[in-house]
Amino acid sequence: MRKIILAFIALSFVSLLFSNNLYFARLKYEGGNWDSQNLAWGELADFLVGISNVRAVREPVILTADSPELFNYPVIFMTGDSAFAEWNHAQIERLKRYFDAGGIIVIDDCTGLKDSGFSKSVKREFAKIFPNDPLSRIKDSNAVFISFFLLPGVCGARQSVPYLEGVEKSGQLAVIFSANDLFGVWEKDKLGNWLKECRPGGETQRLEAQKLSVNIIMYAMVGTYKLDAIHTDYISQKMKALNMKIPGQGR
Amino acid sequence: MNFEADFIALAGALLAALSAVYIYYSSDRKRAVLVPLRLFALLLLTFALFKPTLEHTQSFKKRTAVAVLADVSKSMGIKKPGDKAVLLKAAIKGKAAALAKTFDVSWYAFSGTAQKTSLEDLLKSDNFSGSSTDIAAALNSVRNELEKERAGAKKAIVIISDGNNNGLLDPAEAAKAAGIPVYTIGVGPEKKGPDVAVKSITAGELGFTGMQSTVTVNLSGTNAAGKTVRVTLKADGREAGQKEVVLKEDGLETAVKFNFTPKETGVVRYRAEAAPLKGEEDLFNNSAVCEARVIKEKVRILYFSGHPNYEYRFLRQVLKTNPNYEMVSFILLRGTTNVMAFSEDQLTLIPFPVTELFTRDLPQFDIVVMENFPYSQYMPADMLQGIARLVTERGGSLLMIGGDQSFGRGLYATTPLADLLPVSLDGPSEVYDTRPYKMVPEIHPLNSLSYSTESDALLWGGMAELNDINVAASSKPGAAVLGRHPFLKSKSGEFAPVLAAWQRGRGRVMACLSSSTWKWAMGTGAEASSGLYAKYWQGLFNWLSGVPDIKQVNISTDKKAYARNEPVRVAVSVFDEHYRYENSASVILSVGDPDGKKYRLDCLLAGNGIYECLVPGEIPGRYSFEASVYKQGKELGKDVCTAEISGSLSEAGDVYLNETLLSSIAGKSGGEYLNGSSERAFLLKIEPETEEVISRTRRTLWDSPFLLLLAALALCAEWYVRRTSGML
């Protein structure tokens, strides 16, 4: 038993240093509020480690578009609740290189409102990064909706936009944008109570939003894995039974 | 005359003038003699301040140099439906000769190349036997001659031809690049009846046995818009498909696609034939050929990953974008210890079919990848025997990728895979180090990212750091270590191998002892993504799958098609059994020419396992090459390829005038196209002459002693007048 405990501690230690761990690398930016949802990440990491083989690290990492470490993190997270300042040319160019190299950004609008100031700022800046590919609705048949859980719909702590938006690059999503305060469903106070009430669906909505968060992270780690034929046959049967759109169709 | 004065000098001059005026008005009339003298001296000095120079230019008018190129290829000798040679001579005799009155004309006869000649010889000659019409080559050589011999003069080139070019380069682009206006005069009968031409036939360079390939045929018609034509595709002489297509209006191409499934490996030769239209006379352009190499069906990869991770995501991207590969992957998204609060209905996880995969399905795959895969949680070690058999007996390959559950730490040291791997494993206590480091690549063909070792070193120097390694006990004798850790050492004392590979039985095995090579894809952000990660891993997977480009012996030519008499450079790359450059082999090249004659040539080492040989491409048609490589009497391998020598084949069939091409040449170079039979022929708008400056001399005046002496004399005279008038 002692050996098992020691091995577990050793494994946890190695885990902390491991390059294939999931770090919640958060993008800091000028203006607006980059540090919204700062209580979500530890909870989400624990959930991921509990239900899956994802090696998620509780402590977030803070980065800017100029950080030398940016390219060490193939997935970064950006949250906000208000309009933010324009990125300069060097930052835009650096982010272009980041996405060219295979980086993915997950963006969450904490206002949970359609066309908020934050949302407008995001679209303004990403139009500079992807001038020919504006953020557009991610199809229901995308792998992101089947990467771990079967998802009937899209929500967060709010349900203002029933879809995710994104930009696809080389056959995989480079940008995933949620307008529904997706990561807000993970925030807890010190007593362990949920900070945000989920409206209008209550706790059922929270659960669906949590499942979507897991799917997005799983997608960022394994890409379109679930669209392989070996999975789609199996998933199709399940989805047929649930009257959901068959994965891979319409891609 | 020029002045080089500045503002200070100008101010000085103004001051001097004002002073003189002041003196004049403030003095009495007795000083009237003095003022001009002083003014004169001041004016001289002011004049000098403007730094005047005297320039003398000598020039004369130079006549524009015009090179007239007359096409003497075989197609110009065709007598029916119109004798082009007669038309050409008539055009030259009647009007071109008049050019010499206005221009400095030189005459050339061209087919493959351009040869200087005289007007008289051109008119006398009946030798229209040139085996090709290479307008671009002729233009380039004449342009170079003009640049050399007529520097400074205006230049123009006149081409008299039927425009039936069959050279390799685009003549219109060559004319544009020449920077000299090219005037084209077309001679030959215009196409009156209908004509269909197979403009091109293309197939993917690589096809797979048993898999459908698409062959695209582009057709165009003349006087045939709306007509239906039957197109037949033949593969190695056998009919592979037939389609009917309606032709678009003149000049527009119509594409026809054929699907063909090759059954055998090797080179397949496709030929597209368009059935003649009613009344069509020119049948020569009704067919075209191309070739494609066919290899065995797609390489099937079975990929096991121990957990969701970036190494998988990035490698998946590389493999999925390559049409040669088909990947089936299993990632352990959920571990045996994970607690699941959700019902199975809500999950997309599928059962991991261990037994079926390892006992039944393995032989269907060519490559097995085990990436940080903790086999011991899912199967007994004996089940891995199937992978060992796949490699050693069936010629499959194994790639093991590192991680904290891989190699020794993953308990593989006591499995059948331990013998297969090119590194010796430690037990469960094997060191797994997560400090960042830059892999030190060995000089090896698989590490080649560019065209030279020096350039490779630069590219590798720019690759990002890795940050994990399984420190194996040692690399095994005979294994090729591709990359090492810069400071960590194995138990054997060598720098720890990061990448190692070797051949085992009929198959190949590679160990990548790091699971952070995805960092090469992300890079450092300093430069744009170079794609080197994908290129490198493609190369490694190509080696694992044994596709043709990384056979021990590979033969290739520097181009696919050559002009007649152009030497064909044949290169043979040779690797030893460990895929290191083999520099001490004997390479013999068997050449088969289009006439069926066979002969042998020795290839010489050109560096880093490359042996070269030049074969003169004298006969139009297809040459075949077979390289046989030997070392110490033992055959290392053989490979074959072909090359096409273009030239005379189409000359005999080029009956009509190609006005489109001649117009394009003239248009792109700033010249003009005229039909040789028209009244306006040779009324070319060439500028007749240019003024050339032959000498320009400059003399400075301001520093002339005479000028200073004159000023001094004026001042002395003033002094003398003052003295004699008692004004001092």
| task | Please state the charge dipole magnitude for segment B:551-649, taken about the Cα centre, from unit charges on C-beta atoms (+1 on K and R, -1 on D and E), reported in debye and rounded to the nearest 20. | result | 100 debye
| query | How big is the gap, in Å, between the Cα center of segment B:598-635 and the Cα center of segment B:167-240? | reply | 32 Å
| task | Just tell me which aspartates and glutamates come within less than 12 Å, Cα to Cα, of A:Lys123; anything on the same chain fewer than 8 places away is out. | result | A:Glu86, A:Asp109, A:Asp115, A:Asp133, A:Glu165
| query | With the dipole of chain B worked out from charges on the C-beta (+1 for Lys and Arg, -1 for Asp and Glu) around the Cα centre, which of B:Ala32, B:Leu636, B:Ser677 lies farthest toward the positive end? | reply | B:Ala32
| Cα-Cα P(r), segment B:195-295, percent of pairs per 5 Å interval | 3, 14, 26, 23, 14, 10, 6, 3, 0
| query | P(r) tail for segment A:15-225, what percent of Cα pairs lie past 21 Å? | reply | 50 percent
| field | Dipole magnitude (debye, nearest 20) for segment A:15-225, charges at Cβ of Lys, Arg, Asp, Glu | value | 220 debye
| query | Put +1 on the Cβ of every Lys and Arg and -1 on every Asp and Glu Cβ in segment B:343-428; which of B:Ser376, B:Thr414, B:Thr359 then has its Cα farthest towards the positive end of the dipole? | reply | B:Thr414
| note | By the rule of another cysteine's Cβ lying under 4.7 Å, the cysteines of the protein assembly as shown that fail to get a partner are A:Cys110, A:Cys155, A:Cys198, B:Cys290, B:Cys512, B:Cys641, B:Cys716
| task | Return the whole-Å distance between the Cα centroid of segment B:399-451 and the Cα centroid of segment B:344-382. | result | 21 Å
| said: If you fit an axis through the alpha-carbon atoms of helix B:310-320 and take the longest principal axis of the Cα set of chain B, what angle between them do you get, 0 to 90°, nearest 10? | reply: 80 degrees
| Size-normalised alpha-carbon gyration radius of chain B, reference 2.2 N^0.38 Å | 1.49
| task | Treating only the Cβ atoms of Lys and Arg (+1) and Asp and Glu (-1) as charged, compute the dipole magnitude of the protein assembly as shown about its Cα centre; round to the nearest 20 debye. | result | 1240 debye
| Percentage of Cα-Cα pair distances in segment B:551-649 greater than 21 Å, rounded to whole percent? | 30 percent
| said: I need the shape label for segment B:366-455. Rule: rounded when a/c is under 1.5, else prolate if a/b > b/c, else oblate, with a, b, c from the alpha carbon gyration tensor. | reply: oblate
| request: Kindly provide the helix-only [θ] at 222 nm of the protein assembly as shown, computed as the sum of -39,500 (n - 2.57) over DSSP H runs of four or more divided by all residues, to the nearest 500 deg cm²/dmol? | output: -8000 deg cm²/dmol
| task | Measure off, as a whole percent, the carbon and sulfur share of the 1.4 Å-probe accessible area of chain A, all protein chains present. | result | 55 percent
| said: Set the bar at 26 Å for Cα to Cα. Now go through A:Lys169/A:Lys211; A:Lys120/A:Lys240; A:Lys96/B:Lys535; B:Lys93/B:Lys154; B:Lys79/B:Lys598; B:Lys79/B:Lys124 and name every pair that lies beyond it. | reply: A:Lys120/A:Lys240; B:Lys79/B:Lys598
| field | Distance from segment B:301-333 to segment B:104-143 (C-alpha centre basis), Å | value | 61 Å
| query | What lysines could a cross-link reach from B:Lys243, if we take a straight Cα to Cα line under 24 Å and drop same-chain neighbours fewer than 8 places away? | reply | B:Lys199, B:Lys227, B:Lys234, B:Lys257, B:Lys263, B:Lys278
| If you roll a 1.4 Å probe over the heavy atoms of the protein chains, what accessible area per residue do you get for chain B, in Å²? | 47 Å²
| field | Debye log10 I(q)/I(0) at q = 0.06, 0.10 Å⁻¹ for the protein assembly as shown, Cα point scatterers | value | -0.69, -1.19
| task | Have a look at the DSSP beta bridges in the protein assembly as shown and tell me what percent are antiparallel, nearest 5. | result | 65 percent
| request: Only bridges with both residues in chain A count here: give the DSSP antiparallel percent, nearest 5. | output: 30 percent
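The values are calculated or read from the model by the stated rules, or taken from the named source; none is laboratory data. Please read these numbers as outputs of a predicted model, since none were measured by experiment. Backbone-built Cβ (ideal geometry, glycine too); neighbour counts: all protein chains shown. Accessible surface areas use protein heavy atoms only, side chains included; no ligands, DNA or RNA. Shrake-Rupley method; radii C 1.70, N 1.55, O 1.52, S 1.80 Å.
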